[in-house]
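Report on the structure given below.
We did not get these values from a lab; they are worked out from the coordinates using the rules stated. Here the structure is a predicted model, which means the values were calculated and not measured. Positions of Cβ are generated from backbone atoms using ideal geometry, with glycine treated the same way; all protein chains shown enter the neighbour counts.
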Amino acid sequence: MIASQVLEQSVVVFSKNYLPISKINVRRAIQLLITGKAEALDLTQESWLVRSPSMVLVVPAYIRLTVTSVERIWKVPPVNRREVLRRDNYTCQYCGSHKHLTLDHVIPVSRGGLHTWDNVVTACERCNQRKSDRTPIEASMPLHTKPKAPMHPTVAFAEQFWRSEPFPPEIGGTSKHNAETNIS
Ligand SMILES: [Zn+2]
């Protein structure tokens, strides 16, 4: 593997409190490690060996911040077309279409439904018209997913991380991607 490829490989960053918070590349991880802002987190034997003329650095696949990360200010976004379509991945929540998208109130406003994250979904024009002033049950149009407010990005990352990482690592298992490279 050539140096530039290794530097772009990903390293998972944990907060000081051992919560997975994001993925960064090896290049950024090196900066955090040599400035003392992060340390190796020895979850597995996976690591990247990076050589420069003056040193050899082992960059582990998991690092932990040694400084308290200031939580970025994040608010639940407003319930509007842009944010709802983004949450629903630009997909009609009734039929899966990606075309002619509108917003639908699951419980119609005329029936007391609120303009809130758990009552507004993306619907294509056809489904919106077909559903009309009815609830999904009345219209026999079940929702693909239960609508809810978008998650804090850190929480979303952690959820995705725990779903995708096979922990605990196999005992005595071999490294998935040990690599050696030279940088100059
Ligand atoms: Zn539809």
In the stretch 98-106, is there at least one residue being in contact (Cβ under 8 Å) with a residue 40 or more places away in the chain and either away from the ligand (no atom under 16 Å from the Cβ) or part of a helix (DSSP H, G or I) (or both)?
no
Could you list all residues from the stretch 129-149 that are away from the ligand (no atom under 16 Å from the Cβ), among the aliphatic types (A, V, I, L, M) and in a loop (DSSP other than H, G, I, E, B)?
ALA149
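One line per residue, one yes/no per condition, for (1) in a loop (DSSP other than H, G, I, E, B); (2) under 19 Å from THR154 (Cα atoms); (3) away from the ligand (no atom under 16 Å from the Cβ):
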{"site": "VAL50", "(1), (2), (3)": "no, no, yes"}
{"site": "ARG86", "(1), (2), (3)": "no, yes, yes"}
{"site": "CYS92", "(1), (2), (3)": "yes, no, no"}
{"site": "GLY96", "(1), (2), (3)": "yes, no, no"}
Can you name the condition, by its number, that ASN17 falls short on among (1) over 18 Å from the mean Cα position of the chain (by Cα); (2) surrounded by 17 or more Cβ atoms within 10 Å (Cβ to Cβ)?
(2)
Among the residues of the stretch 20-46, how many are acidic (Asp, Glu) and either surrounded by fewer than 16 Cβ atoms within 10 Å (Cβ to Cβ) or outside any loop (DSSP other than H, G, I, E, B) (or both)?
2
With (1) surrounded by fewer than 17 Cβ atoms within 10 Å (Cβ to Cβ); (2) farther than 25 Å from LYS75 by Cα; (3) among the polar types (S, T, N, Q) as the list, and THR145 as the residue in question, which single condition is left unmet?
(2)
Scan the stretch 111-128 and tell me whether some residue there is surrounded by 13 or more Cβ atoms within 10 Å (Cβ to Cβ), of a type in the set (Gly, Ala, Ser), more than 16 Å from the ligand (Cβ to nearest atom) and free of Cβ contacts under 8 Å to residues at least 40 places away in the same chain.
yes
Test result for TRP74, within 28 Å of PHE161 (Cα to Cα), in contact with a helix residue (DSSP H, G or I) (Cβ under 9 Å, 6 or more places away or on another chain), more than 16 Å from the ligand (Cβ to nearest atom) and not in a strand (DSSP E or B):
yes
